[in-house]
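This report refers to the structure that appears directly beneath it.
Read the figures in this text as sums done on the coordinates, not as results from a lab. This structure is a prediction, so every number in the text was calculated from the model and none was measured. Note that we place each Cβ from the backbone using ideal geometry, even for glycine, and neighbour counts take in every protein chain shown.
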Amino acid sequence: MANSILALCRHAPYGNTLAREGLEAILACAAMDQIPAVLFTGDGVYQLLEQAPEAINEKSLRRNLQAMPMFGIEHIHVCEKSAETRGIATDALQLAGAEIVLLADTGAFIRDFDQVLSF
Amino acid sequence: MQFTLVVYGAPHSSEGAATALRFARATLAAGHSIYRVFFYADGVHNGSALAAPPQDEQDLLGHWQSLQQDHALDLTVCIAAAQRRGLLSESEANRLEKPSANLAAGFSLAGLGQLAEAAAVSDRLISFGG
């Protein structure tokens, strides 16, 4: 049986290209029917806030994020503590077509997967 | 045990690039196998044939190439990440009408599907840098 895969999104959008390239890799895995679970943690939680990157001539990550439910990723896991420590109200974290699942214990969650792709 | 290494660190910039090389050597020396080394994000620069570090510094490219030759390693560079950063094979340089190619011998360009497949079939997947 193929491995279960978890993708971690750890980087703030636009500050580090791994934010975008991580989402691209997640979509590529899903397109190959290796649908990963996805967990936004650390500065990665900023990816789920509304963004206006046109101001810095960057392409929005929204399109990549919004493609996830279409590729079968219907649950977006978020580290509750990461949001809290950054002063982000968890109801500000939204993704159309997906359910935001807040995790209090990310360690226990991560432990259940065979592989972790860390972006 | 079968390992896949994912390298996000650029050589001579992130220690992750050199750590990946040492990890690869240690893995093989311990009798394990490496299914694939996948270079992604800034890690694609590891595949540049044009790196010319000072002589008293480690030559990461040369080390990767000799490891590749000794063990027939699969060194795959993500094609999309490589194009963004100016790492091109002959055929990509021609196709994109760029003045030169710089993908080093021993490395090959491929899509993200190679990462997905490696994650699915390897016993362990380890990330370096990023």
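Can you give the mean number of other chain Cβ atoms that lie within 10 Å of the Cβ atoms in peptide A:27-34? Let's see the in-between values first.
Numbers: counts 1, 8, 7, 1, 3, 9, 2, 7.
The per-residue average across the peptide is 5.
List the residues, sorted by chain then number, that are 5 or more residues from B:Asp74 or on another chain and whose placed amide H is less than 5 Å from its amide H.
The answer is B:Val37.
Cα gyration tensor of chain B, axes a ≥ b ≥ c as square roots of the eigenvalues: rounded (a/c below 1.5), prolate (a/b > b/c) or oblate?
Note, shape of chain B comes out oblate.
In whole Hz, with x marking every Gly and Pro, tabulate ³J(HN,Hα) for segment B:23-37 from phi via Karplus 6.51 cos²θ - 1.76 cosθ + 1.60, θ = phi - 60°.
5, 4, 4, 5, 4, 5, 5, 7, x, 7, 10, 10, 6, 6, 10
If you take the C-alpha gyration tensor of the protein assembly as shown, multiply each eigenvalue by 5 and take the square root, what semi-axes do you get, largest first, in whole Å?
The equivalent ellipsoid of the protein assembly as shown has semi-axes of 32, 21, 17 Å.
Please sort by residue number the trypsin sites (Lys or Arg not before Pro) in segment A:32-119 whose DSSP state is loop and whose Cβ has at most 11 other Cβ atoms within 10 Å.
A:Lys59
Relative contact order for segment B:39-126: what is it in percent, counting Cα pairs under 8 Å that are at least 6 residues apart?
34 percent
Which value in Å is the Kirkwood Rh of segment B:2-79 over different Cα pairs?
About 12.5 Å for segment B:2-79.
Once you have the alpha carbon radius of gyration of segment A:5-118, what is it after dividing by 2.2 N^0.38 Å, with N set to its residue count?
With N residues counted in segment A:5-118, Rg over 2.2 N^0.38 Å equals 0.99.
Can you tell me the relative contact order of chain A? Whole percent, Cα pairs under 8 Å, sequence separation 6 or more.
Reported relative contact order: 35 percent.
Ignore the peptide's own chain and count Cβ atoms of other chains within 10 Å of each Cβ in B:106-119; give me the average, rounded.
For peptide B:106-119, the averaged partner shielding equals 4.
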